[in-house]
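Here is the structure we will look at.
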């Protein structure tokens with residue numbers, strides 16, 4: 001029997017591979033770029049540090065993702081009036097359109113992935129994952 005951590009990593013890897021094969025190539029989008037877009041689509045105006053916190057990616061991975069998104073004109077940075085060293089990040093019109101397209105594909109994949117799991121199990125899984133995220137993020 002595989003340890004739980006290995007199972008968790010395996011699920012992530014098995015779900016990431018189809019993303020790259022189906023979505024990433026077609027839209028010239030890396031998985032970390034998508035993760036960054038997903039966070040900014042849900043919470044516009046975050047700075048890069050906040051994106052790193054929300055995605056669980058390190059700052060360098062977020063920086064590379066943002067560079068790719070900027071190169072394809074999918075994200076833009078606005079100066080933060082309260083902190084000139086920090087910029088607020090927003091999806092552009094092209095970024096919003098891609099976010100909608102890829103998000104719909106993601107929701108389809110999520111529905112297929114959880115099709116055999118009942119609502120109670122999903123609720124317990126969600127609560128357990130929330131606890132794990134709090135535990136590893138160092139927050140009380």
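List of remarks:
- If you plug the beta carbon distance of residue 96 and residue 6 into 1/(1 + (r/R0)^6) with R0 = 41 Å, you get a FRET efficiency near 0.65.
- Working from label points 7 Å from Cα in the Cα-to-Cβ sense, the residue 73 to residue 108 distance is 2.7 nm.
- Only DSSP H runs of four or more residues enter the estimate; each adds -39500 (n - 2.57), and after division by the residues of the chain the mean residue ellipticity at 222 nm equals -20500 deg cm²/dmol.
- Taking a ≥ b ≥ c as the square roots of the eigenvalues of the Cα gyration tensor, the stretch 22-140 is oblate, since a/c reaches 1.5 or more and a/b is not larger than b/c.
- Computed E for residue 49/residue 20 - FRET, C-beta separation, R0 25 angstrom, nearest 0.05: 0.40
- Potential extension, residue 84-residue 124 segment - 0.36 nm per residue separation minus Cα distance: 10.2 nm
FYI, it's all coordinate maths here, none of it is from the lab. Fair warning: this is a prediction, and the values are worked out from it, not measured in the lab. A quick note on method: Cβ atoms are made from the backbone with ideal geometry, for glycine too, and the neighbour counts reach across all protein chains shown.
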